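This report refers to the structure that appears directly beneath it.
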Amino acid sequence: MSARSKLLEFLEEAYRPMTKEELLKEFDISPQQKEHFEELLKQLQRDGLIYKSKHDKYGLPEKFDLIAGRIDKNPRGFGFLIPEEPGHEDVFINPTNLNGAMHNDKVFLRLLPDSRGEKEAGEVVRVIERANQTIVGNLDKSK
């Protein structure tokens, strides 16, 4: 079993998110292996398989009530999250809840508790990966 799958399996069974130091201790990582373990954590974050909270705790997105997916943005400003998890419906995102996410960005989204209408609504919590690295436009400077 690979280190990647062991870590994901452990985080799935963990009762709470854990700090990097707690994970290093739990897996008995030596100082020589620490750099490789940290790179594994970063890669899993980029892949959207784990989430690092603002308190530096790692866990599966489900433990934080988050959904990973790609943004499908409409020219009128709103967008939809297309979840990576099969079987989950698209989630509506109001323009004010996009939080800087653009079309085709990979993001973590949190469902809003009192979404009105037939579709679930959500808010982008973090952009995992940008679809466009360069943006072209005009800047009009005023007062």
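The values are calculated or read from the model by the stated rules, or taken from the named source; none is laboratory data. Quantities reported herein were computed from a predicted structural model and do not represent experimental measurements. Neighbour counts run over all protein chains shown; Cβ positions are idealised from the backbone, glycine included. The protein model used for the area step is the full one, side chains on, heavy atoms only, and it has no ligands, DNA or RNA in it. Shrake-Rupley method; radii C 1.70, N 1.55, O 1.52, S 1.80 Å.
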Checking residue 122 against (1) touching a helix residue (DSSP H, G or I) at 6+ places or on another chain (Cβ under 8 Å); (2) surrounded by fewer than 19 Cβ atoms within 10 Å (Cβ to Cβ), the condition it does not meet: (2)
Being farther than 30 Å from residue 14 by Cβ and hydrophobic (A, V, I, L, M, F, W, C) narrows it down to one residue among 108, 78; which is it? 78
If you check every pair at least six apart or on different chains, which have Cβ atoms under 9 Å apart with a residue in segment 119-142 that is assigned to a loop (DSSP other than H, G, I, E, B) first and a residue that is open to solvent by less than 70 Å² (accessible area, probe 1.4 Å) and of a type in the set (Phe, Trp, Tyr) second? 119/80; 119/92; 120/92
Just checking: which of the strands (runs of 3 or more DSSP E) contained wholly in segment 1-98 hold 2 or more residues that are among the charged types (D, E, K, R) and surrounded by 12 or more Cβ atoms within 10 Å (Cβ to Cβ)? 66-73
Please specify each residue of segment 99-118 satisfying the condition of being outside any loop (DSSP other than H, G, I, E, B) and either exposed (fewer than 14 other Cβ atoms within 10 Å of the Cβ) or not hydrophobic (A, V, I, L, M, F, W, C) (or both). 106, 110
